Every structure is written in structure tokens, then in C-alpha cells.
Amino acid sequence: MTDQGLTPYDPSAVEAKWEARWEKRGTNHTDLEGAKRPFYNLMMFPYPSAEGLHVGNVFAFVGADIHGRFRRLQGDDVFEPMGFDAFGIHSENYALKIGVHPAELIPRNIERFRQQLKRMGLMIDWRRQLSTTDPAYYKWTQWIFLQLHKAGLAVRKRAAVNWCPACKTVLANEQVINGFCERHPDVKVEQRVLDQWFFTITRYTEQLLGNLERLDWSASTRLLQTNWIGRSEGAELAFETPGGQRVTVFTTRPDTVFGATYLVLAPEHPLVTTVTTAEQRADVNAYRRNVEKTDLVSRKVGDKERSGVFTGAYTRNPATGGSIPVWIADYVLMEYGTGAIMGVPGHDARDFDFATRMQLPIVRVVAGPGQDAATPLAAAEPDIPDGRLVNSPGFDGMPWREAARGVTSALEGKGLGKAVVNYRLHDWCVSRQRYWGPPIPIIYCDACGTVPVPEQDLPVILPVVTDTRPDDSGVSPLARHEEWYRVPCPTCGKMGRRETDVSDTFLDSSWYFLRYPSVGLDGVPFDAALTKKWLPVTSYIGGNEHAVLHLMYARFITMALKDLGHVGFEEPFPRFRAHGTIVKDGAKMSKSRGNVVVPDRYVEQWGADTFRMYLMFLGPYQEGGDFRDAGISGIRRFLDKVWHLVVDLEAGTASRLGEAPGQPARDPADLLRMKHRTTEKVTKDTAALDYNTAIAAMMEYVNALREGTPTRELVEPLVVMLAPYAPHFAEECWERLGHPASVMDTSWPVFDSKLALAEEVQVVVQVNGKVRARLRLPRGTAENEAVAAAKADAGVRRFIDGHALKKVVFVPDRLVNIVI
Ligand SMILES: [Zn+2]
Ligand SMILES: [Zn+2]
């Protein structure tokens, strides 16, 4: 070995040196005004938890940082900002738990996060750091609320909402997971009827859905949004009661109306009181009271036992004209469709369960090949391919799709139906009965009603009060602070009172990307020229856990701001990539399992660069991987090898490192071809976020260099390609190779595809595992020909002549190993 006596690779010294130097030189600063090729590299900002940076955060940020650094080396002016999503229940609950005021706790957490993020070597321009809790920021969050209010997109209405008894606040539908609070997996969410502020995101449903097609997004993210928006085509059909009341139902299968043997109303449906008969009233009322205790989301979940009560009333099936009973059941929700459904037990699994339990008639109205009108139904048959109608006078024999249109227009002719499109997406409930958020900028006046706070009076500062604990009353803790909420009405001057609810944290994060380039500007939320230059965001990388929350809300807010003339584009993130998740030894990381990987320990032991590369080497970045401690030393060995190549060049002692003297060396022409091939692969893979295979290619290249003579021309491009992955390490190597400027200010190496695709390849011939020859063979040479060429080589013959060949190992275009 030739590296004895030369400086060994010491990650902590190298990383501390370059962290300090980047800061001093402003290496990570972006000239926002002067940039020629703006590239806005956005990553999802974290909420600064007390536990510190999670390894999942590090995985996400490093992958995004590699992308940003790669683009910078490609000649773009990359802007990579970072901030903190520091309002919200996560932070507040923790503050309550440990008894520290969030206004005191959060700045501490932010500082800790900042230090950890800096330690990871991210290319962040810290001059643009923001926190959503900063009045200079939430002034504009409130301003956005006012703009939406002015446009009629922020409305107050009384509605059934999800209430978490542990959080003591309402939750958006998106924050309820199978009936449980997303923050309290063991607390069932209840339903409450409260006055709440809503953003009418549903006005943008078609735009949110339609635009998805042209966005360059990960397919998984697009699909999640599409499903959440939940467009379904169908018909509204009218069922009439003998008393002349009309109940409208929405169905995606109007062709099955002949099989509707009962009607179900949501327990909250306004007609329930009117239609219920005297005999059934007590049962109906008892059932309705019971349902009030259940949350909206678990009522939607399909796997529970059906319950319901007969109202005593009957209605007419608009297709058959027959009389069918009217029930109420909790599986029908007022919030979805019309709050009423027709029960078609023959062709809907939920209805089949219900009808079986309540002993209601079940009729087949669609028959597949080999079935007829009399074929019995052992279970619901919802989707019969090639199904045709039966038991449906006037439509018998017709394919069901055609019949769906036919039945709708027939009923339309009688004034009993019309074709409609329905959506699952509902308006966004933005008010929270909590302390830790931006106060909603509204004042209530007995004389003037609901009065927006005048824009010049923003921000409405969140007062620092000691009593921040939420209670079960359904109003915010701020309602207990009269000295804060009593204010003169801006319109008439009489005493009014402030809205005491704060806004959802997802409003804070719905526009943060607009603010970054304008951080520090007081007079505007986002400067027009900077916004025009830097937005929409060039590349956004984040997790799919935000596919239906943050990403949907940010799109909506941007569309609204566009329509109100504040920005010039309607889609904030034309390109989005979802990263994968990492698990630990095959299991999801969680506090309860005790298997959460704390990054600090690894960074301390191995250095940030090794840790970065190890995370990226776990698997494809967009799929994730399994964190097993075993692999990290392999990355370190790789960096050590590169280090030796560099210090040897630096000392002028460059020579072959990988093998004992006397063995035939790698052909320089072969190494040159390999340089082009490696550069091509690393370039393409890095661009595609396939970081693990790019790293593998660099490893292979380093091993080859060690078998030949690693010249500066061969090593320097490798150092540049390593810069996105191991930035401190690459800077140090670059400097040692004699370059005074940052490696980030050089250019990404170019490759020649023709050279990379050599006609000939070098095949190593080993005898019993020792290299005895290197042959130049046409690419793709078959095994028998390669073995014959090996056996004919004089250097090989010396070792095999006179021996029986036990076995031959052949790796195409790479290796022939002869075992004697
Ligand atoms: Zn909760
Ligand atoms: Zn007034």
C-alpha cells in the first residue's frame, strides 16, 4: 500500500472545516435578483419537534439537496430555502405535556433543528429562513384569509364536524384516519355541530382534478389526489312520498333503480322529522341521539355491523311505481351526496348487508352471461361484466351502461331524474379551537355583524397568555381572555369581540413557498418581481403523507390567489416527486416500537457525508429502504478509497493501489472509457433521483481505478460527481487537488456516449482467483469464446498447462475465472 504516512480521512475535521468555510464564503447563498437560470429547489419544511430531526426528515432533505447540488453543477442558479412549520397542535400538545409555554419552547426547538440541518451539509441559504409563528409571516397568513373572505371563499357556517376529545378541537376530514384522530391513534373522533370557518375549496374541484393530468408528478401522488377528490358520474333520482315530499338520491348506477327496495335517509336529514310516523317516533329519536355520538369518518368505514330504524313512512320507486319503506341509518351521511340513498341490495354489498339484517326484499336487476332474472343472489353482485338488465320493464336485455343513460333520460322526461357529477372533496374547515395558531382576523359586532380586521391593522398578534389549555367547551382558550378579545368594531367603533378561533396549520403551509424569496420584505407577502422570477417552484420533493393535505391546499390557495390577481400562475408545483420511506430492520419506525433511528449518533460516529450516502444507498430514493447498521461501513470504505486516490495524486505518488505488484494493470484506454461510461450513468441516474445506482456506479469505477493508474483526469470528474452526495468530502478533495474555489462552482463533467460505449471491453482472466491476464474482447463475447481466448493467452497458460480445469466462472464482459 502506498498511502502509509499520508493524511487519513477524518470526517469530523473535514466537515467542521467546510461548514465554517461555506458560511464565511457564502457558498450556499443565492443571488435572487441576479440569477440567470433560476431553479427553485423546494423541500417540505419540518415542524420543529422537541425530539429533534427525525431520520425520515434527513432522508427527505438529503435526497432533495443532492438534486439541488446536481442542478447547480449543471449551471442552474439553485435556491434551496428552509423554514419551520412551527404552529399547530403537534407543538402545542407537547408544550402542554412538559409544561413549557410554546412561545418559549418553539424557538428552542427551531434552533436545535437549524444546527442539525446545518450539520447535514444541506445547501441551504439560511438568510431566507422563515417560521410560520413569526408575526412577520403570519401577518400574511391572515392577509390571505382576508383576501379569501373578500372573495366569498371563506365562509362561516354551522356544520357537523369532526371533534377530537383529546385534542379538544375540530379536525379536517383529512386529519381523521379510519375514525381516529391522526395525532391520537387510540382516540375515536366524535361529531359535533358547531359554527366554523370553511374555505370553499369545492369551487375549484374541477380545476384541481383537471390540472392533475398535466402536472409532472409522481404517479402515486396524483392517484392519491384523484381518489381524494373522488369524482363520480351518476344521476339524481327523485322519490316521492304519498304526502308529496320529494327525496333526492344520488347514484352512480341509475340502471339498478328497479331493484331499489327501500330508501335510507341520513339520521340528520331534514325530512326525517316530517316523515316519521307517530308509532316510530320514539325509536327514531333514540337512534338519532345515538348517532350524534359517532364521528363522521367511522360512519363511512365499511366493515361494521349495519344499524338503522324504520321511520314508518313509505315512498314511491320512480321506476317501478311501487311503494317502498323509508329507513334511517348511520351509514348514510348528510355530508355526502344528498343525505339519502336508494337501497339496491342485489347489487351493492352494503345494501345487501342492511337488507339481510332488516329482512328487506332483495331483487336481481342485472344478470351476467349464464344468469337470468330468476338466478338467486347469495351475495350482492355489484359489478357484473357484460351485465344486462332483468326485472326492469322497458330495459330488459339492455347492457347496463347503456341502460344507465336510458333510465336517467326516461326519468328525466318524467321530471324524476337528471344526470349529475358528484365529488368526495368537501370544503376545508379551517378554524381550530386552540391557542397555538394565527388568530383568524375577524371581529364580531352586534351592530355590524361579521367585520374583517382592516388590512392595515394586521397582524392580529397572538397574545402571550399563560392559560392556553384547550377545554371541552368548543371554543378556543383565547375566549377566556377578555382583555384580548374585546376590541372596538372597525366599522362603527362600538365594542365588538374578536374571533377567538385560530386557523389550521395547513393554512400556514399552504403558501410558505411564496414567501421564501421575499423573506425580510415587510410591505408585501411576496414581491411581484421575485415571484415572477422564481415561481412556480421548479422542483418539489416531499412525502406522500401530504398528498391530500398540504399539496391539495397549496394548489387551492394558489388558484385562488391567481384568480384574485396576486400571482400569475395557478399551479405552484409543476414538478413533484414523492420520496420513499425508510424502515428499520424491516419494521416501520415508531416511538412505541422503540426503533426510531436518531441521526445524531450516526453523524457523530461516521460523519454527515457517510451518513448521507448511506441513506441514499439503502434503496431507490423514490421507494425507500431498510436501515440496517451493517451497511454503513461499506460507504465509509468507499470514501476512504477515494480519499487515498486523492492524497496520492496530491503527494505525486500516484500508483496502483488495489493489487499486488506484478499483476497486469488495467489498460488506460479502458479506464478512460469507463470514466465516460460512469459519468453517463451517474449523470442520468442522479437526474432521475436513482441515487443508489449512481453510487454503485461510482464504487465500481473506484475499484477499477485502483487496478490501473489513477490520473488526475480520471479522478477529478469523480470528485465533482461526489459533490452532491458527500459535499464536505468533495470540497476537501477538490482543494487538495489544487482548486482554490468551491467544487460547487465548477461544472458537472461531460461524457462522450460514443466513447462510453466501447466496442471492446476488458475481460479480466483469473486463475484460482488471481488476476493473470486482461484481454480485450468484443463486447458481448460468448462464454465459450471468452474461455477459449483466455486459455490461449500465454500469461494464463503458464498457470493452467498440465492441470485439469475444475470449473470456470464467467461474468459477461467482465471476468473469466478458471479454477484448477
Ligand atoms: Zn386528537
Ligand atoms: Zn360595528
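The values are calculated or read from the model by the stated rules, or taken from the named source; none is laboratory data. Computed from a prediction, not measured in an experiment: that's the story for all the values here. Glycine gets a Cβ as well: all are built from the backbone with ideal geometry, and neighbour counts include every protein chain shown. For accessibility, only protein heavy atoms count, side chains too; no ligands or nucleic acids. Shrake-Rupley method; radii C 1.70, N 1.55, O 1.52, S 1.80 Å.
Residue by residue, here is whether (1) at pLDDT 95 or above; (2) more than 26 Å from residue 148 (Cα to Cα); (3) open to solvent by 10 Å² or more (accessible area, probe 1.4 Å); (4) in contact with a Pro (Cβ under 9 Å, 6 or more places away or on another chain) holds:
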position	(1), (2), (3), (4)
548	no, no, yes, no
555	yes, no, no, yes
562	yes, no, yes, no
573	yes, no, no, yes
577	yes, yes, yes, no
583	no, yes, yes, no
586	no, yes, yes, no
590	no, yes, yes, no
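Taking first residues from the stretch 755-781 that are under 15 Å from residue 793 (Cα atoms) and partners that are aromatic (Phe, Trp, Tyr) and open to solvent by 40 Å² or more (accessible area, probe 1.4 Å), the Cβ contacts under 8 Å between residues at least 6 apart in sequence or on separate chains come to 767/799; 772/799. Of all residues in the stretch 363-388, those satisfying the criterion of being under 30 Å from residue 307 (Cα atoms) and either of a type in the set (S, T, N, Q) or buried (at least 19 other Cβ atoms within 10 Å of the Cβ) (or both) are 363, 364, 365, 366, 367, 375, 380, 381.
For the stretch 250-268: of the residues being at pLDDT below 95 and open to solvent by less than 20 Å² (accessible area, probe 1.4 Å), which is farthest from residue 401 (Cα to Cα)? Once the filter is applied, the top-ranked residue is 267. Screening residue 605 with (1) surrounded by 20 or more Cβ atoms within 10 Å (Cβ to Cβ); (2) without any contact (Cβ under 8 Å) to a residue 12 or more places away in the chain gives one miss only, at (1). Cβ-Cβ contacts under 9 Å between residues 6 or more apart (or on different chains), taken from a first residue in the stretch 486-511 that is without any contact (Cβ under 8 Å) to a residue 12 or more places away in the chain and over 17 Å from residue 169 (Cα atoms) to a second residue that is within 16 Å of ligand 1 (Cβ to nearest atom) and open to solvent by less than 10 Å² (accessible area, probe 1.4 Å), are absent.
Scanning the stretch 350-377 for residues that are free of Cβ contacts under 8 Å to residues at least 60 places away in the same chain and assigned to a loop (DSSP other than H, G, I, E, B) turns up 359, 368, 369, 370, 371, 372, 373, 374, 375, 376, 377.
The residues in the stretch 182-191 that are open to solvent by less than 50 Å² (accessible area, probe 1.4 Å) and either more than 8 Å from ligand 1 (Cβ to nearest atom) or out of contact with any helix residue (DSSP H, G or I) (no Cβ under 7 Å at 6 or more places or on another chain) (or both) can be counted, and the count is 3. Say whether the condition of being part of a loop (DSSP other than H, G, I, E, B), over 30 Å from residue 730 (Cβ atoms), within 16 Å of ligand 1 (Cβ to nearest atom) and open to solvent by less than 50 Å² (accessible area, probe 1.4 Å) is met by at least one residue in the stretch 167-176. Yes, there is a match, as at least one residue in the stretch 167-176 is part of a loop (DSSP other than H, G, I, E, B), over 30 Å from residue 730 (Cβ atoms), within 16 Å of ligand 1 (Cβ to nearest atom) and open to solvent by less than 50 Å² (accessible area, probe 1.4 Å). Consider the stretch 730-784 and keep the residues that are small (Gly, Ala, Ser) and more than 30 Å from residue 805 (Cα to Cα). The one that is most open to solvent (accessible area, probe 1.4 Å) is 747. Within the stretch 463-474, one or more residues are touching a residue at least 24 places away in the same chain (Cβ under 8 Å), away from ligand 1 (no atom under 16 Å from the Cβ) and under 25 Å from residue 522 (Cβ atoms).
In the stretch 710-736, what residues are modelled with pLDDT under 95 and under 23 Å from residue 606 (Cβ atoms)? Within the stretch 710-736, no residue meets the criteria.
Which strands (runs of 3 or more DSSP E) sit wholly inside the stretch 414-500 and have at least 2 residues that are open to solvent by less than 20 Å² (accessible area, probe 1.4 Å), of a type in the set (Val, Ile, Thr) and within 16 Å of ligand 2 (Cβ to nearest atom)? Qualifying strands (runs of 3 or more DSSP E): 442-445.
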